[in-house]
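In what follows, a structure is listed as structure tokens, so that the remarks can point back to it.
Values in this text are rule-based calculations from the coordinates and carry no lab data. Because the structure is a prediction, the values reported are computed rather than measured. So basically every Cβ, Gly included, is an ideal-geometry build from the backbone, and we count neighbours across all protein chains shown.
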Amino acid sequence: MTLKILILVLIAEICNASMHTLFKRGINDIDIEHIRGFRNYLHFMKRVVTSPPVLLGLLMIIAGMGVWQLVLAHAELSMAFPLDSIQYIIILFSSYLFLGERINRDRIIGTAFIIGGIVLVAL
């Protein structure tokens, strides 16, 4: 696997992780306690689709899909797809930095296993 492909995978995964983080940020800004009935659900959905973080998240996933197409054009799917797990590592840190979520020992251990798997696939 070339450095070019690894950089493209990293860019695609940063876009994907950013999308998830932005979606979570957007939903955190919306009151979901009072969603009872169809009319309240429609109001909720209107707030979701007009939320700036959600809209930015949609742009990030479009960008990530575009970069991922470049990855697939230059790498075997059986090699590229397992590298998609890099997203878990990025999300662990972005949720800590941007959402204030805690990183506990179990998450660190799980992430270490993911890193080990990525290294095995890359080799």
*Relative contact order of the range 3-122, pairs being alpha-carbon contacts under 8 Å that are 6 or more residues apart, as %*: 36 percent
_Calculated FRET efficiency for the pair E101/R47, C-beta based, R₀ 30 Å, to 0.05_ = 0.85
_Under 10 Å, Cβ to Cβ, from P52 - net charge with Lys/Arg +1 and Asp/Glu -1_ = 0
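Pop out the Kirkwood hydrodynamic radius of the range 67-113 from its pairwise C-alpha distances, inverse of mean 1/r, in Å to one decimal. All intermediate terms of the calculation are to be shown ahead of the outcome.
Working: mean 1/r = 0.0817 Å⁻¹.
Roughly 12.2 Å, rounded to one decimal.
Within a Cβ distance under 15 Å of I27, other residues only, what is the Lys/Arg minus Asp/Glu net charge?
Surrounding charge for I27 is 0.
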*asked:* Can you compute 3J(HN,Hα) from phi for each residue in the range 69-80, using the Karplus curve 6.51 cos²θ - 1.76 cosθ + 1.60 with θ = phi - 60°, rounded to whole Hz and x for Gly and Pro?
replied: 4, 5, 4, 5, 5, 10, 9, 6, 4, 5, 8, 6
*What nm distance separates the two modelled labels at A73 and S85, each placed 7 Å from Cα along Cα→Cβ?*
2.8 nm
*Evaluate the charge dipole of the chain about its Cα centre and quote only its size in Debye, nearest 20, assuming +1 on the Cβ of each Lys and Arg and -1 on the Cβ of each Asp and Glu.*
320 debye
_Computed over the chain, Cα set: Rg, Dmax in Å_ = 17.1, 53
*Find which of A75, L22, G37 sits farthest along the positive direction of the dipole of the chain, computed with +1 on the beta-carbon of Lys and Arg, -1 on that of Asp and Glu, about the Cα centre.*
G37
